[in-house]
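Report on one structure; see the data block that follows.
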């Protein structure tokens, strides 16, 4: 025997099934080393599986709307990102929390039974490594909340170029970087997916002295529309895009 594959309606349940299978292998191996292992009669197996109390317990469990889904949230170590992590976990998703602060990411992830990874969304190598780690751990990705951002201020006619470029790196180009990484996975797995971008009200209703923040956010709003146009093919397995 070279190995086995454990399947369940969640990563946690699959892990429990795998642990039980490994235990059974150990038990059978130990028994065979001393004598012969025999399975109980099929009728007894049936009685155990369909025991009324066991069925009652199983009947109380209902699948949540995001059960079986893997969701990654950037900037998930605090604020809106952490709130998203809690909401998605409550809806049944397996949550991956991405944040440049690894400890913060892991703290939030542990509170929702997910995975916390360090990821600087302005660094393409960091993004690539994080999404590779998601695939290695869970086999794919179904939902992305591109949330990481920060608010730079200043009068638009007076703000220095470095400030504006720094804001665009985080509030626009980083969204493009993580969306590209997610779409690559979603296309490869062929089961569709969902991209959600945090664009802020500033994208459509700008306030004074927030131009350095609002400009890249407006570009990100257009970015979301472009992804929706080019990747939502109106099929059961299309890649959906939206604003949060």
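The values are calculated or read from the model by the stated rules, or taken from the named source; none is laboratory data. What you are looking at is a predicted structure, and each value in this text was computed from that prediction instead of being measured. Note that each Cβ is placed from the backbone with ideal geometry, even for glycine, and that neighbours are counted across all protein chains shown.
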*asked:* Taking the criterion of being surrounded by 15 or more Cβ atoms within 10 Å (Cβ to Cβ), modelled with pLDDT of 95 or more, over 24 Å from residue 139 (Cβ atoms) and in the same structural domain as residue 132 (by TED's automatic domain parsing), would at least one residue in segment 80-90 satisfy it?
replied: yes
*Is there any pair linking a residue in segment 153-166 that is in the same structural domain as residue 219 (by TED's automatic domain parsing) to one that is part of a loop (DSSP other than H, G, I, E, B) and exposed (fewer than 10 other Cβ atoms within 10 Å of the Cβ), with Cβ under 9 Å and at least six apart or on different chains, and which?*
155/208
_Any residue at all in segment 92-100 that's more than 30 Å from residue 195 (Cα to Cα) and either surrounded by 12 or more Cβ atoms within 10 Å (Cβ to Cβ) or outside the structural domain of residue 151 (by TED's automatic domain parsing) (or both)?_
no
*asked:* in contact (Cβ under 8 Å) with a residue 24 or more places away in the chain, crowded, with 16+ Cβ neighbours inside 10 Å and part of a helix (DSSP H, G or I): which single residue out of 148, 219 fits that description?
replied: 219
*Would you please name the residue that is farthest from residue 185 (Cα to Cα), looking only at residues in segment 107-139 that are part of a loop (DSSP other than H, G, I, E, B) and modelled with pLDDT of 95 or more?*
112
_Tally up the residues in segment 182-203 that are farther than 21 Å from residue 166 by Cα and not in a helix (DSSP H, G or I), please._
7
*asked:* Among the residues that make up segment 59-77, is at least one of them assigned to a helix (DSSP H, G or I), at pLDDT 95 or above, assigned by TED's automatic domain parsing to the domain that holds residue 151 and at negative phi?
replied: no
*Does segment 34-57 contain any residue that is under 30 Å from residue 71 (Cα atoms) and either at pLDDT 80 or above or surrounded by 11 or more Cβ atoms within 10 Å (Cβ to Cβ) (or both)?*
no
*Is at least one residue of segment 191-200 out of contact with any strand residue (DSSP E or B) (no Cβ under 9 Å at 6 or more places or on another chain) and farther than 24 Å from residue 83 by Cα?*
yes
*Is at least one residue of segment 20-32 surrounded by 11 or more Cβ atoms within 10 Å (Cβ to Cβ), assigned to a loop (DSSP other than H, G, I, E, B) and not assigned by TED's automatic domain parsing to the domain that holds residue 98?*
no
